[in-house]
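Student: Provided herewith is a single structure, encoded as C-alpha cells, for subsequent inquiry.
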Amino acid sequence: METMKTLLSRRSISKLKEPYPSKEEMSDVYQAALRAPDHSWLRPWKFIEVTGESRNKLGKAFINSTKKTEEIDGERENKIASLPLRSPMIIIVVARINHDKPNVPRLEQIQSTAAAAQNILLALHDKGYGAYWRTGKYSTERNEYISSELSLDKNDEVLGYLYVGTPEVDAPSIPELENKDFVTYWN
C-alpha cells in the first residue's frame, strides 16, 4: 500500500480471528514501531506479545489486579478472564519512563510510546490485519496493580493493549472529517 492510502484507510476492527501475523511479519511491524519519534534516543518503548494459552495468563493478571481494588463474584471473574480471548494476539504497550533525563519529560516519553503503537497499527493494517487499541482499568487507571501482575519495573507504565488478528468483518465506515473543524491557521 502507499503510505497515504494506509493512513487514510486504517480503522479499528474489533471482530478478529486467526490467523494473526507470523513472527516474520511481526519483525517488520516492530521495526516500524521503532521508527517513532524519540527525543534523546531513550527508546522508551516495550512491547509484550501475547498469543495462544498466554492469553489465559493475561486474563488471570486482569483478575488479580481487579481483586486488589474491588471484590468480584464468579460471573464477573469469568467475564474478566475472557477479555484477552477477544483476539488471537495482544500486544501490551508499555512506556519505560526514564527519570534520569530531565530534558525529556515523562509525558514526552509516553507520547513517543503512543507514536510507536500507532506505527504498529498502521503496519498491521498495511499487511492486511485488523487491530484495535484498548485502555482502561488494566492500563493507566490501575497501572501499579497490572504492572505488578506483569512483572514490570516500577518505571514501566502500561499504556494499553493492541488486539490483533484477521478481520472477521469489513472495516466499519466512519464519517469523513473536515479539516476546517480541527485546523486553524495562525498568521
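Every read-out reported here was derived from the displayed coordinates using simple, explicitly stated rules and does not represent laboratory data. Please read all numbers here as calculations on a predicted model, not as lab measurements. Methodologically, a virtual Cβ is constructed for each residue, glycine included, from the backbone with ideal geometry; neighbour enumeration extends over all protein chains shown.
Student: What residues have an amide H closer than 5 Å to that of L42, excluding those fewer than 5 places away on the same chain, when H is modeled at 1.01 Å from N in the peptide plane?
Tutor: HN-HN under 5 Å from L42: empty list.
Student: Under the classification rounded if a/c is under 1.5, otherwise prolate if a/b is larger than b/c and oblate if not, where does the stretch 148-187 fall, given a ≥ b ≥ c as square roots of the Cα gyration tensor eigenvalues?
Tutor: Note, shape of the stretch 148-187 comes out oblate.
Student: For the stretch 163-172, in order, what is each residue's ³J(HN,Hα) by Karplus, 6.51 cos²θ - 1.76 cosθ + 1.60 with θ = phi - 60°, in whole Hz (x at glycine and Pro)?
Tutor: Working through the residues one at a time gives 8, 10, x, 8, x, 8, 9, 5, 4, x Hz.
Student: Where does each of 169-178, 33-42 land if you order them by average Cβ count within 10 Å, highest first?
Tutor: Peptide ranking by packing, descending: 33-42, 169-178.
Student: A further question on this structure: Let me have the 222 nm mean residue ellipticity of the chain computed from DSSP H runs of 4+ only, each contributing -39500 (n - 2.57), with the sum over all residues rounded to the nearest 500.
Tutor: About -11500 deg cm²/dmol.
Student: Let me ask another. Roughly how far apart, in whole Å, are the Cα centres of the stretch 124-187 and the stretch 36-105?
Tutor: 12 Å
Student: Taking amide H atoms as placed 1.01 Å from N in the peptide plane, list the residues 5 or more away in sequence, or in a different chain, whose amide H sits under 5 Å from that of G130.
Tutor: HN-HN under 5 Å from G130: G165, T166.
Student: Among (1) 165; (2) 127; (3) 113, only one was calculated for this model; which label is it, if the read-out is volume of the Cα convex hull per residue in Å³?
Tutor: Only one option fits the structure, namely (1).
Student: Here are some pairs, K46/K180; K5/K79; K17/K137; K23/K67; K46/K79; K137/K180; which of them have Cα atoms lying more than 30 Å apart in this structure? Please report the intermediate quantities before stating the final value.
Tutor: Values: K46/K180 36 Å; K5/K79 37 Å; K17/K137 24 Å; K23/K67 34 Å; K46/K79 27 Å; K137/K180 35 Å.
In this structure, K46/K180; K5/K79; K23/K67; K137/K180 lie more than 30 Å apart at Cα.
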